[in-house]
Each structure stands twice: as structure tokens, then as C-alpha cells.
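Presented below is the structure to which this report refers.
The values are calculated or read from the model by the stated rules, or taken from the named source; none is laboratory data. Predicted, not measured: the structure shown is a model, and the values here were computed from it. We place every Cβ from the backbone using ideal geometry, glycine too, and count neighbours over all the protein chains shown. Surface accessibility is based on the protein's heavy atoms, side chains included, excluding ligands, DNA and RNA. Shrake-Rupley method; radii C 1.70, N 1.55, O 1.52, S 1.80 Å.
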Amino acid sequence: IGIEICNWGPLDEKDGKYYGWPAKKYNDWSEKYEVKKESVIFLDSPHRGFKYFQKISDEQLESVEKLLIYLIKEYKIPMNDNFGSDWFEFKGDVIKKVTPGIWNHVNVRKDKSDLCPDSRVTAMLNGLKDKL
């Protein structure tokens, strides 16, 4: 079961402003691709080559939590033991062994960078067991 979250993911910085991927691709640094600073996660070290990512909004995080609770119960999806910063890294065995659980794009594809280490996401995931 795949869940997509509408978000630019990794951002490019230019002249102190932050932009979604089309800005660089089309050399269009206009405000239509700009992400306001308050909606940016600033990483201490790059994740998949990027230091800036668009934050998942509080409303999105709440919606994903509610959806996960429903899906876990409905389809008896096993819970991972712990969600830490390593949950945002590639894990080749997830696909190879068809490992059930809660995973994301970066776990299964080296070319994806749409979800970055975000403590709000891991806190939400680690709190799921108490809500099931």
C-alpha cells in the first residue's frame, strides 16, 4: 500500500531562498517554485545530497497518522520495532525479502530523496503502537 505526501522534498537554495526541483530543471527561480523559510527543514549534514527539504505540514502528518492507524488495523500490517534516523536510509533487504512493515521510498530506492530525516515523522511513527 503506497501513500504519497504532496511535498517538494529536497530543495535547492539560491540567494538565500529555497526552491522545489523544477526551479533548477527549468532555470526558473520564480516564486511559483519557492518554499518559504518557515516550511524548510535544515539538516546538519546532507541526506541523499541535499541539506534542505520541505517540511511535511502538521495537517499532513496528522492525516498520515490517521490513515496508517486504519491501514495497520485493516490489513494487519506488522509494526517496525523502532523508527529512528536509520529509517531514512536505503535497506535493500526490504524489497529482496519482501519484508512487511512501514517503509518509505528511500528505504527501497537509491534514486529517491523525497523523505528526509524528520524527528516529527519518527515521533509520529513511534507513537502509533499506543494508538492501535
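Couple of notes before you dig in:
- Candidates 19, 26, filtered to the one that is open to solvent by 60 Å² or more (accessible area, probe 1.4 Å), among the hydroxyl-bearing types (Ser, Thr, Tyr) and without any contact (Cβ under 8 Å) to a residue 24 or more places away in the chain: 26
- Count of the range 1-16 residues which are assigned to a loop (DSSP other than H, G, I, E, B) and surrounded by fewer than 13 Cβ atoms within 10 Å (Cβ to Cβ): 7
- Selection within the range 29-45: residues that are out of contact with any helix residue (DSSP H, G or I) (no Cβ under 9 Å at 6 or more places or on another chain) and part of a helix (DSSP H, G or I). The member of this set that is surrounded by the fewest Cβ atoms within 10 Å (Cβ to Cβ) is 38.
- The set of residues in the range 32-70 that are under 14 Å from residue 13 (Cα atoms), among the β-branched types (Val, Ile, Thr) and touching a residue at least 40 places away in the same chain (Cβ under 8 Å) contains only 41.
- Residue 67 vs. criteria open to solvent by 30 Å² or more (accessible area, probe 1.4 Å) and more than 14 Å from the chain's Cα centre (by Cα): yes
- Some residue of the range 46-61 being under 24 Å from residue 127 (Cβ atoms), open to solvent by less than 60 Å² (accessible area, probe 1.4 Å) and among the hydroxyl-bearing types (Ser, Thr, Tyr): yes
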